[in-house]
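The values are calculated or read from the model by the stated rules, or taken from the named source; none is laboratory data. Just so it is clear, the model here is predicted, and its values are computed rather than measured. When we count neighbours, we look across all protein chains shown, and the Cβ atoms used for this are built from the backbone with ideal geometry, even at glycine. Accessible surface areas use protein heavy atoms only, side chains included; no ligands, DNA or RNA. Shrake-Rupley method; radii C 1.70, N 1.55, O 1.52, S 1.80 Å.
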Amino acid sequence: MTKMMLASRGGNVLLRKSARSAFRRSSPVRNFSSIGNKIGIRIPEKAVSNMDQIVQQVLSLPVRHSGDEVVTIGLPNTDQSTFEGVSNAIAKWNVDKKVVLTAQFGYRNIGGEGDAVYAGDIPIEENGRLVGIYNISEEHLNTVLEKCYDLNQNENVDVVILLHNPEVQLQDAENVEEKVLSLKSSFNALEHASSASHIKSYGISSNGLCLSPKHPLHLSIDLVLDTVAALTNSHGEPLKSSALSDIQLPINLLERNGLQVAEKVENICKQSDIFDIGIISCRPLTCYPDGGVGSGFPFKLIDYNILTNMIGETQWTHKIPECPAHYAPSLNAAMGHFDAEELVEIEQDGDRKLTTEEIETLEGCRLLQSMLADLDLSLHTMRSFEAYENDLSTKVIPMIHDTFEELDEESAKVLQTFFAAHGAAARHAIAKTTRAQLISGGSGVTPYDIPKEVKLQEYALLNVLKDERISKVMVGCSQPQHVLEAYSSIDA
């Protein structure tokens, strides 16, 4: 069976806020230099293998970007291997810059450290398959805090632990008292760890804080802050100052509920001597349906740099008014190649009966033409490139392999050319649809005046960076060049 490398991927999906004194609420943004100092770089789970190169790129940023020489790097987990990787990279590449490391704690993968068992473990399943474990209990937390000590002793490093989606641990609690009890032990351990210099401070990274109180995974910011305010220090005395330094929330052009939480936190901080909390925006360019509460695939607030012809020339989607010119010819070529014209004529003339093999070929060609037509029509309704890739890998490619036992070289090349062009057309259609939705508004979305010459990611990132309610914006970067792209957005 011929294996085809269908060229649907490619084109960088750019970009995807964080500890105590480093992230404190800044003065009003007046220029790009101060905006640049609000950017932090988050390393996604899938990019841990690229950590050394990404950290090198972050630490090599000029002073005009890193401002007071403090850079922020977000880690996806608290695995020993992740800590060792970032520690080695900082030691290797650092040039006397202060590094704030935010590390999300709660989820762990299956395999390695994920095979350890702790009281309170919650299995995480997808499609009936165990994919991870969730636990923010004090017992599990203490094993991580021990790992943080050596890292936090580096004079150039501050470690900030973020409890990741604590609402997962609280969803089965029968009442508020149970929720408080569950959170209290974790917060208490973090406060003591900060006092003992195992970590600089701690925070929460939560989607639940932005959800409606009616949602089963809603997390109340009042519950969180009231629980921390009721803690005592190691001498049993009320806290004079909490080490809770940051609340990380999804805030972007379409998910705005986090700003309401930010305003509430700011008002509480103004009235309290205990708290000094900064708001971190995560996912500035990645949105989920229905303002973040819907299910389904995410979509990106970005333009794509796509192929505009088959000789390798590229252009950004916001500069291409219509579907890429090479798409229609590649579609027509594929439809024509699989029209099985000779077999159709034999069938219609009735001179002889088609052989079993010829019947199967004819049916396969008709099925393939129908699939190509459906893919063409889908361009009008696409919103998520992740959904598009999922359909390719779970439906389209398996269908081709199941239909044809083997594809000749020419047929494989025709299909590969089509999928390369269709991938470009899909990116163009998605970016165009996303821009149109942002400009028109509706369904709870405020209309945005986005200049035609500005990339979506530049507009979306600057919108969050300029918001004075936000002290840090964490941008997901899976490749070193993504770091440069993030900062080039603010200089555009």
Quiz item: On the given criteria, is Val445 more than 19 Å from His318 (Cα to Cα) and touching a helix residue (DSSP H, G or I) at 6+ places or on another chain (Cβ under 6 Å)?
Solution: no
Self-check item: Residues (farther than 18 Å from Asn175 by Cβ and either exposed (fewer than 14 other Cβ atoms within 10 Å of the Cβ) or out of contact with any Phe, Trp or Tyr (no Cβ under 6 Å at 6 or more places or on another chain) (or both)) located in the range 204-229
Solution: Ile204, Ser205, Ser206, Asn207, Leu209, Cys210, Leu211, Ser212, Ile221, Leu225, Ala229
Quiz item: Out of curiosity, is Thr317 among the β-branched types (Val, Ile, Thr) and under 36 Å from the mean Cα position of the chain (by Cα)?
Solution: yes
Exercise. Select, from Glu363, Glu386, the only residue that is open to solvent by 20 Å² or more (accessible area, probe 1.4 Å), under 25 Å from Gln315 (Cβ atoms) and assigned to a helix (DSSP H, G or I).
Key: Glu386
Exercise. Would you point out which residue out of Thr308, Thr286 is within 30 Å of Ser206 (Cβ to Cβ), out of contact with any helix residue (DSSP H, G or I) (no Cβ under 6 Å at 6 or more places or on another chain) and open to solvent by less than 60 Å² (accessible area, probe 1.4 Å)?
Key: Thr286
Quiz prompt | Positions within the range 173-209 being within 26 Å of Glu255 (Cβ to Cβ) and of a type in the set (Lys, Arg), in sequence order | solution = Lys179
Self-check item: Search result, residues across the range 85-101 that are under 8 Å from Asn156 (Cα atoms) and among the charged types (D, E, K, R)
Solution: Asp96, Lys97, Lys98
Quiz item: In the range 125-144, how many residues are under 18 Å from Asn77 (Cβ atoms) and assigned to a loop (DSSP other than H, G, I, E, B)?
Solution: 3
Practice problem: Identify the residue in the range 184-227 that is assigned to a loop (DSSP other than H, G, I, E, B), within 18 Å of Ile268 (Cβ to Cβ) and among the small types (Gly, Ala, Ser) and, among all such residues, is nearest to the chain's Cα centre (by Cα). | Solution: Ser206
Exercise. Would you check which residues across the range 91-122 are open to solvent by 60 Å² or more (accessible area, probe 1.4 Å) and either of a type in the set (A, V, I, L, M) or modelled with pLDDT of 90 or more (or both) and list them?
Key: Ala91, Lys92, Val95, Tyr107, Ile110, Val117, Ala119
Practice problem: Could you tell me whether the range 347-370 includes any residue that is within 24 Å of the chain's Cα centre (by Cα), of a type outside the set (A, V, I, L, M, F, W, C) and farther than 17 Å from Ile306 by Cα? | Solution: no
Practice problem: Could you please tell me which pairs satisfy a Cβ distance under 7 Å, a separation of 6+ or placement on different chains, a first residue in the range 378-394 that is under 9 Å from Phe299 (Cβ atoms), and a second residue that is of a type outside the set (Ser, Thr, Tyr) and open to solvent by 60 Å² or more (accessible area, probe 1.4 Å)? | Solution: Ser384/Phe297; Glu386/Phe297; Ala387/Phe297
Quiz item: So, of the residues in the range 244-283 that are within 16 Å of Ser201 (Cα to Cα) and of a type in the set (D, E, K, R), which turns out to be nearest to the chain's Cα centre (by Cα)?
Solution: Asp246
Practice problem: Hey, can you tell me all the residues within the range 462-476 that are within 23 Å of Ile450 (Cβ to Cβ) and in a loop (DSSP other than H, G, I, E, B)? | Solution: Lys466, Asp467, Glu468, Arg469, Ile470
Quiz prompt | Residues of the range 235-257 that turn out to be over 21 Å from Phe187 (Cβ atoms) and not in a strand (DSSP E or B), as a count | solution = 7
Quiz item: In the set Ala429, Ala436, Ala424, which member is in a helix (DSSP H, G or I), open to solvent by less than 10 Å² (accessible area, probe 1.4 Å) and over 30 Å from Leu362 (Cβ atoms)?
Solution: Ala424
Exercise. Please state which one of Asp303, Asp376 is modelled with pLDDT of 90 or more, of a type in the set (Asp, Glu) and open to solvent by less than 40 Å² (accessible area, probe 1.4 Å).
Key: Asp303
Practice problem: Can you tell me which residue within the range 439-459, out of those that are acidic (Asp, Glu) and in a loop (DSSP other than H, G, I, E, B), is surrounded by the most Cβ atoms within 10 Å (Cβ to Cβ)? | Solution: Glu453
Self-check item: Subset tally (residues that are out of contact with any helix residue (DSSP H, G or I) (no Cβ under 7 Å at 6 or more places or on another chain) and within 30 Å of Glu458 (Cβ to Cβ)) for the range 257-277
Solution: 5
Quiz item: For the subset of the range 145-178 comprising residues that are assigned to a helix (DSSP H, G or I) and over 28 Å from the mean Cα position of the chain (by Cα), which member is surrounded by the fewest Cβ atoms within 10 Å (Cβ to Cβ)?
Solution: Glu177
Practice problem: Return yes or no: is Thr394 assigned to a loop (DSSP other than H, G, I, E, B) and within 24 Å of Ala429 (Cβ to Cβ)? | Solution: no
